[in-house]
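Visitor: Mind looking over this structure? Questions follow.
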Amino acid sequence: MGKTGKITVSYFRKQKEKKERIVMLTAYDAPTAAIAAESGVDILLVGDSLAMTMLGYRNTLPLTMEESLHHAAAVRRGAPEAFVVADMPFMSFQVSPEDTLRNAARFLKEAGSDAVKIEGGAEVAPLVARMVDCGIPVMAHAGLLPQRILTSGGYRVQGRGDDAERLLADAAALADAGAFALVLECIPAELGGRISQSLSIPTIGIGAGPLCDGQVQVIHDLLGLFGDFVPKHARRYADLGSAMRRAIGEYVADVRQGRFPGPENSF
Ligand code: KIV
């Protein structure tokens, strides 16, 4: 905690030292952010998964800074005390260091986020160092990089065989650069454990096994709000999609049959 009682980045390193698992969950709007924060989630991630879960894009690439800022600001309004991390959209940090700093700062200044997340391995470490030097807390994201699916050939598990050494080196470079935490996406569980043990900063896994220091999931996968497909790394805790279909279907039928509004809904 900082002097204001609000969580700061050092809190997560202490959680790792105390072997307390960190819970991160995506949130994209104010009411969901409020519920997630009240339910005990440590970090709210305004992931660029927003592009697919909320905005109807086929992948995360089309997401713009303006769309991201709009949702990050809503999450902040819904959960004023929560630790909020905003994902930097595709091409918001790849063009130049100056552009990266300007875009990252917008999340802190305009949306009230506490930190930003960027995808990439050792090649983005100098960028992470530059942002941290300027006072911007950075969460790194290695392993499967959804922003690179067009060049990497799709959503594939990373770090198998010899590739494990590359990921261990990526993780070390990102931690040395000053990232306060590292998301590991879709890598073998054993490698998730090895990387977590090798770092003093916490790892937060999604499809990276139980030995990571924390876990992150996309809220739509947990709540059954994104079609019928459940990724292997996710567990469905509720089927809100079916509940919504049922409720909306009842409303439609009630209006058509003249059962709604009733006397209790009328003035
Ligand atoms: O955008 C997102 O939701 C993410 C998580 C999958 C880590 O980056």
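Visitor: Test of understanding: among Ile201, Ile187, which residue is closer than 23 Å to Val138 by Cα and within 14 Å of the ligand (Cβ to nearest atom)?
Guide: On the way: Ile201 fails: within 14 Å of the ligand (Cβ to nearest atom).
Exactly one residue qualifies, and that residue is Ile187.
Visitor: Would you pick out the residues in the stretch 154-184 that are more than 16 Å from the ligand (Cβ to nearest atom), in contact (Cβ under 8 Å) with a residue 24 or more places away in the chain and farther than 19 Å from Glu123 by Cβ?
Guide: Residue satisfying the conditions is Arg160 alone.
Visitor: Which count do you get for residues in the stretch 193-215 that are surrounded by fewer than 22 Cβ atoms within 10 Å (Cβ to Cβ) and without any contact (Cβ under 8 Å) to a residue 24 or more places away in the chain?
Guide: The total comes to 5.
Visitor: Can you give me the number of residues within the stretch 56-66 that are within 13 Å of the ligand (Cβ to nearest atom) and free of Cβ contacts under 8 Å to residues at least 24 places away in the same chain?
Guide: Initial filter on the stretch 56-66 (within 13 Å of the ligand (Cβ to nearest atom)): 57, 59-61, 63.
When the remaining residues are screened for being free of Cβ contacts under 8 Å to residues at least 24 places away in the same chain, the result is 57.
Adding up the residues that qualify gives 1.
Visitor: Here is a follow-up. Filter the stretch 129-153 down to the residues that are touching a residue at least 24 places away in the same chain (Cβ under 8 Å), within 16 Å of the ligand (Cβ to nearest atom) and assigned to a helix (DSSP H, G or I), then identify the one that is most open to solvent (accessible area, probe 1.4 Å).
Guide: Once the filter is applied, the top-ranked residue is Arg148.
Visitor: Taking the residues in the stretch 103-128 that are charged (D, E, K, R) and under 22 Å from Glu81 (Cβ atoms) as candidates, determine which candidate is most open to solvent (accessible area, probe 1.4 Å). Outline the logic, then answer.
Guide: Here is the first cut: in the stretch 103-128, the ones charged (D, E, K, R) are 106, 109-110, 114, 117, 119, 123.
Next, from what is left, pick out any that are under 22 Å from Glu81 (Cβ atoms): 106, 109-110, 114, 117.
Numbers: Arg106: 61, Lys109: 168, Glu110: 109, Asp114: 35, Lys117: 5 Å².
If we take residues in the stretch 103-128 being charged (D, E, K, R) and under 22 Å from Glu81 (Cβ atoms), then Lys109 is most open to solvent (accessible area, probe 1.4 Å).
Visitor: Kindly indicate whether any position in the stretch 249-257 is in a loop (DSSP other than H, G, I, E, B) and either within 17 Å of the chain's Cα centre (by Cα) or within 15 Å of the ligand (Cβ to nearest atom) (or both). Step through it out loud before you land on a result.
Guide: Residues of the stretch 249-257 that are in a loop (DSSP other than H, G, I, E, B), as a first pass: 257.
Then keep just the ones that are either within 17 Å of the chain's Cα centre (by Cα) or within 15 Å of the ligand (Cβ to nearest atom) (or both); that gives none.
Within the stretch 249-257, not a single residue is in a loop (DSSP other than H, G, I, E, B) and either within 17 Å of the chain's Cα centre (by Cα) or within 15 Å of the ligand (Cβ to nearest atom) (or both).
Visitor: Could you tell me whether any residue of the stretch 204-212 is in contact with a Pro (Cβ under 6 Å, 6 or more places away or on another chain) and assigned to a loop (DSSP other than H, G, I, E, B)? Steps first, answer last, please.
Guide: Within the stretch 204-212, the subset in contact with a Pro (Cβ under 6 Å, 6 or more places away or on another chain) is none.
Within the stretch 204-212, not a single residue is in contact with a Pro (Cβ under 6 Å, 6 or more places away or on another chain) and assigned to a loop (DSSP other than H, G, I, E, B).
Visitor: State whether the residues of the stretch 86-102 include one that is more than 14 Å from the ligand (Cβ to nearest atom), surrounded by fewer than 23 Cβ atoms within 10 Å (Cβ to Cβ) and in contact (Cβ under 8 Å) with a residue 60 or more places away in the chain.
Guide: no
Visitor: Ok, one more. Being open to solvent by 30 Å² or more (accessible area, probe 1.4 Å) and within 16 Å of the ligand (Cβ to nearest atom) is true for just one of Thr8, Thr53, Thr26, Thr32. Which residue is that?
Guide: Values: Thr8 fails: within 16 Å of the ligand (Cβ to nearest atom); Thr53 fails: open to solvent by 30 Å² or more (accessible area, probe 1.4 Å); Thr26 fails: open to solvent by 30 Å² or more (accessible area, probe 1.4 Å).
After applying the criteria, what remains is Thr32.
Visitor: In addition: Looking at the stretch 216-235, can you tell me whether even one residue there is of a type in the set (Asp, Glu), out of contact with any Cys (no Cβ under 7 Å at 6 or more places or on another chain), part of a loop (DSSP other than H, G, I, E, B) and open to solvent by 30 Å² or more (accessible area, probe 1.4 Å)? Working first, answer last.
Guide: The first filter runs over the stretch 216-235 and keeps only residues of a type in the set (Asp, Glu), leaving 221, 228.
Still in the list and also out of contact with any Cys (no Cβ under 7 Å at 6 or more places or on another chain): 221, 228.
Applying the additional criterion that residues be part of a loop (DSSP other than H, G, I, E, B) yields 228.
Next, from what is left, pick out any that are open to solvent by 30 Å² or more (accessible area, probe 1.4 Å): 228.
Yes, the stretch 216-235 contains at least one residue that is of a type in the set (Asp, Glu), out of contact with any Cys (no Cβ under 7 Å at 6 or more places or on another chain), part of a loop (DSSP other than H, G, I, E, B) and open to solvent by 30 Å² or more (accessible area, probe 1.4 Å).
The values are calculated or read from the model by the stated rules, or taken from the named source; none is laboratory data. Just so it is clear, the structure is predicted and the values come from calculations on it, not from any experiment. Using ideal geometry, Cβ is built from the backbone for each residue, glycine included, and neighbour counts are taken over all protein chains shown. Side chains are part of the model used for accessible areas, which takes the heavy atoms of the whole protein and leaves out ligands, DNA and RNA. Shrake-Rupley method; radii C 1.70, N 1.55, O 1.52, S 1.80 Å.
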